[in-house]
1. Quick one: would you say SER116 is part of a helix (DSSP H, G or I) and either among the acidic types (Asp, Glu) or touching a Leu at 6+ places or on another chain (Cβ under 9 Å) (or both)?
2. Take LEU97 and tell me if it is at pLDDT below 90 and within 19 Å of SER172 (Cβ to Cβ).
3. Can you find a residue that is of a type in the set (A, V, I, L, M, F, W, C) and in contact with a Cys (Cβ under 7 Å, 6 or more places away or on another chain) anywhere in the range 199-216?
4. Looking only at residues in the range 190-209 that are over 15 Å from the mean Cα position of the chain (by Cα) and among the hydroxyl-bearing types (Ser, Thr, Tyr), which one is farthest from LEU108 (Cα to Cα)?
5. What number of residues in the range 177-228 are farther than 14 Å from LEU250 by Cβ, in contact with a helix residue (DSSP H, G or I) (Cβ under 6 Å, 6 or more places away or on another chain) and among the hydroxyl-bearing types (Ser, Thr, Tyr)?
6. Looking at (1) among the aliphatic types (A, V, I, L, M); (2) farther than 21 Å from TYR55 by Cβ; (3) under 26 Å from the mean Cα position of the chain (by Cα), which is the one condition that is false for ALA212?
7. Looking only at the range 231-262, which residues are under 20 Å from TYR197 (Cα atoms) and surrounded by 20 or more Cβ atoms within 10 Å (Cβ to Cβ)?
8. Tell me, yes or no, whether the range 102-113 has at least one residue that is touching a residue at least 24 places away in the same chain (Cβ under 8 Å), assigned to a loop (DSSP other than H, G, I, E, B) and either of a type outside the set (Lys, Arg) or surrounded by 19 or more Cβ atoms within 10 Å (Cβ to Cβ) (or both).
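The values are calculated or read from the model by the stated rules, or taken from the named source; none is laboratory data. These numbers come from a predicted model, not from an experiment. For neighbour counting, all protein chains shown are included, and Cβ atoms are generated from backbone atoms with ideal geometry for every residue, glycine included.
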Amino acid sequence: MKKLHTEVIAQAQVAGNFLTDVADVFLFILRIIKESFSGHFEFKEFFHQCYQIGYKTLPLISIIGTIIGLVLTIQSRPALVDFGAVSLLPGMVSTSLIREMGPVITALICAGKIGSGMGAELGSMRVTEQIDAMEVSSTNPIRFLVVTRVWAATLMIPLLVLYADGLGILGSWAGANIKGDVSFSLFFAQAFASVDYLDFLPAVIKSIFFGAIIGIVGCYKGYYAGRGTESVGIAANSAVVTASLLVIVLDMIAVQITDMLV
């Protein structure tokens, strides 16, 4: 009986901690929204974060985007050859990249690079008491550190997704020419003939939410990191895991909504 009572108390504590964390995240998001429209937006820091998130991530996204299109083409071509439907390859690859693979894989890569970077950077600032110093000096750390990073991620990740989609289609053309001979203009004409406005719009919208989630999770984990030096690593790791999981969950929800509307 005593053991059962202890287990009930432990489960209640876990549930209470979960609800507390949810409330903290909700209040954190409300503070971000409030500071975003307070009239004192830090544009200089925002553009700096756009450079850090966007430009410095281009080499990695370039490699990943090209490889995705190349591998998808090489893997799909034999099956289409068996059915005599090789002409459908450009449209299939472009639709797969734009609708699903481009946004999700790019967001997961960004969750690993950008989310961990935000968690580690803000976590180290918390450990070294730089955030406390900003609060004492009447500088709003949420406005300067968090809002700029969240909005930069929200803006730049959709652009990175579109960039990865373009390179993926280019990689697909290169893959199609390994065992075939398709002109550049013909391949791209066939690729975009199968894509319409309803393919782009849901992908762009969910990419915006992916960026917001990555920014919020990375900043939250870093901003509320513990005081020990090991908490920096914990914040970075937790930001990656949590952001990646939320990206997958949000994508599942977006797919269901899109399927009902189309």
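1. no
2. When the stated conditions are applied, LEU97 does not pass them.
3. For the range 199-216, residues of a type in the set (A, V, I, L, M, F, W, C) and in contact with a Cys (Cβ under 7 Å, 6 or more places away or on another chain): present.
4. Ranking the qualifying residues of the range 190-209, first place goes to SER194.
5. Selection size over the range 177-228: 3.
6. (2)
7. Once the filter is applied, which keeps residues that are under 20 Å from TYR197 (Cα atoms) and surrounded by 20 or more Cβ atoms within 10 Å (Cβ to Cβ), the range 231-262 yields only ALA254.
8. no
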